[in-house]
């Protein structure tokens, strides 16, 4: 419905100008006219709204149809993916064909393939199988030689009956064998020979292929090989000199000349020696002495002369033929030997500055007196010798 469709009313009441009676009459007329016009207008509006609702519903149904059509398109796209997958499968097949073409080409031109076993196999005739590395160039019908890496006497000669390049599984038929045993470390070599009869006595002067077979050479080539000398191949200084007679280099000999021998050495310069430990043999308190001839021997300290000892404690028991130097800062007592022999000597020197240090008689007498001796000077030496059963100053 639009504004132009609304019919104007013929009577409109007005409170400002109408009398009460006139206003009442106009009001009644106005209500009647308004009702008469409102009903058809409302019906028309309802009809219009219903029509628009039907149209909207139709539009919605049409949109749903579009969605279904889009879903169909998606299914169609899925078909495209399946078709692409088929293309990939075809490509894989092409790769397999290409691999086989390479294998066949290698076999045709004699390119050797070498593999190493990862499984064990027992030497024997007939059909067999081992696993080698993947991606090798072995092809059906190729002649192969299978050799033990640890002992070339163990070998098999045969023909390839199948090889799976992706797994390394190698199938073959063996026609000739050498040696025996179950081997885990095989080397497989493409032989490319028309005949599988092995040459067991190859000649050193000839040429050998990878399988140890002789390759014939011309007479001119063989003559040139025979004429080669050690100088021609860079071995001019090689001879058959025995190990015992091999000379040393000038530098080595000069270094050896500077070494001393194990005996009768005379050194003409000052020699620096490491720390030396002299072994005295059994017993302790030994001293090294020499005689008039210069020969040195180990002797007891008491018999080799006076031994000097520093006294840094408060007591010291003396032994014969010893000289004691008191450095201890406190009063120190030096006790004479218990059972001295005639001629034994003991010397005591004071360096601590005290006048109270003591020489204890230890059961013997000193100067015939049965009493200890006090050294009453702070820096003196007291020499004593045991004579006539008493210690005496000398």
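Please determine, by comparing only the residues of the range 362-376 that are out of contact with any strand residue (DSSP E or B) (no Cβ under 7 Å at 6 or more places or on another chain) and in a loop (DSSP other than H, G, I, E, B), which one is farthest from residue 311 (Cα to Cα). So the residue we want is 370.
Note on the range 130-163: residues that are loosely packed, with under 15 Cβ neighbours inside 10 Å and in a strand (DSSP E or B) total 1.
Yes or no, residue by residue, for (1) surrounded by 10 or more Cβ atoms within 10 Å (Cβ to Cβ); (2) on the phi > 0 side of the Ramachandran plot; (3) modelled with pLDDT of 55 or more:
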site	(1), (2), (3)
195	no, no, no
199	yes, no, no
217	yes, no, yes
226	no, no, yes
238	yes, no, yes
249	no, no, yes
253	yes, no, yes
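Examine the range 298-315 for a residue that is within 60 Å of the chain's Cα centre (by Cα), modelled with pLDDT under 90 and either over 28 Å from residue 387 (Cα atoms) or in a helix (DSSP H, G or I) (or both), and state whether such a residue exists. Yes: the range 298-315 contains one or more residues that are within 60 Å of the chain's Cα centre (by Cα), modelled with pLDDT under 90 and either over 28 Å from residue 387 (Cα atoms) or in a helix (DSSP H, G or I) (or both). Filtering 394, 350 for residues that are in contact with a strand residue (DSSP E or B) (Cβ under 6 Å, 6 or more places away or on another chain) and over 25 Å from residue 339 (Cβ atoms) leaves a single hit, 350.
Of the residues making up the range 164-191, those that are assigned to a strand (DSSP E or B) and within 17 Å of residue 118 (Cα to Cα) number 10.
The values are calculated or read from the model by the stated rules, or taken from the named source; none is laboratory data. Since the structure is predicted, the reported quantities are computational estimates derived from the model, not experimental observations. With ideal geometry, Cβ positions are generated from the backbone for all residues, glycine too; neighbour counts draw on all protein chains shown.
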